Structure formats: C-alpha cells, structure tokens
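*Asks:* So that we are looking at the same thing, I have put the structure below in structure tokens.
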Amino acid sequence: MDHQTESSADLDGVIDAETIESLKSLCDPGDLSLFHDLTDTYLADSPTRLEAVEAALATNDAGAMERAAHGLRSSSANMGALGLASPV
C-alpha cells in the first residue's frame, strides 16, 4: 500500500472527501483562500464548542449539552469531519 492510499484509508469514516471537494468547488479556480478561511474558522471555533460540551457535562445541564453537541456536530458535518459529526 503506498503512502497516499494508506493515508486515504486512515481517513475513511473520519473525513468526507466529497464534502471537502464540494467546499473547494466554491472557490475560484486556482484560489483556495475561501476553503482555507472556512477551515481556519472551523478549527478556531471548535475548541470553544468542545469547552461548551465539557461545561454542560460538568454542570449536568442536559439542555446546554444538547445545544453544544448539536453545534459541534453541525459545524463538523458542514466541514466533512464525519468523526465528530456522527452521533454516538
């Protein structure tokens, strides 16, 4: 198995390549800055969303947990991060 195939196999079920390609298709040809901006925003926002989940767990607040988990799953699904978007 070559490195590219091995890397792709490692991402099966974690990253949705179709969603990534769909996001890239929103960009002007040869300019992926929009995709990079979307990715940067997702990566910057996710820790705050995770902290909200942890805070809801710590306070046993089911409503806050539902809202925080929904926000994290939704943003993850929009970015093709299936590993975080899938309910457990």
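A short reminder: the numbers here are calculations on the coordinates, not readings from a lab. Just so it is clear, the structure is predicted and the values come from calculations on it, not from any experiment.
*Asks:* Filter the DSSP H helices in the chain by two things, a Kyte-Doolittle mean of at least 1.6 and an axial alpha-carbon span of 27 angstrom or more, and list the hits by number.
*Replies:* The qualifying helices: there are none.
*Asks:* Please work out which option in (i) -0.60, -0.80, -0.97, -1.02; (ii) -0.41, -0.62, -0.86, -0.95; (iii) -0.79, -1.08, -1.21, -1.22 gives log10 I(q)/I(0) by the Debye sum over Cα atoms at q = 0.14, 0.17, 0.20, 0.21 Å⁻¹ calculated from these coordinates, and answer with its label.
*Replies:* Read-out from the structure maps to (i).
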